[in-house]
Amino acid sequence: MLKGGRVLTRSVILPVFIAVTLALAAGPAHAQDVALCFGTADRVVSGETVDEATKQAGHEACQRALAETSSVVQKYHLQEADFDIVGRPPKASN
């Protein structure tokens, strides 16, 4: 259920992010990057076959959106989506 809850959460958060972004007069590229980032992550999480070029485009969109936002909450959700696309970094051993 956690997996489905994350997808539902992103599908609710995405329109909110886009609305806030447009309301704050951010450029359309940012809104497109957020949409591409979350859309690609949702496809990967749902088990859909996603080719490497699409994953790379989604990852790059996540990175651009991360660089453009100053909101800690947005950064968290974008980073989580990026992890869904490219995987989590390996944990450092102590």
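Rule-based calculations on the coordinates, nothing more; no lab input. All values derive from a computational prediction rather than experimental measurement. Here Cβ is always computed from backbone atoms with ideal geometry, including for glycine, and neighbour counts include all displayed protein chains.
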The summed charge of the residue 50 Cβ neighbourhood (under 12 Å; Lys/Arg +1, Asp/Glu -1) stands at -3
Tally Lys/Arg at +1 and Asp/Glu at -1 over every other residue whose Cβ is under 13 Å from the Cβ of residue 66; what's the total? -3
Report the full-extension gain for the segment residue 49 to residue 80: residue separation times 0.36 nm, less the Cα-Cα distance, to one decimal in nm. 9.2 nm
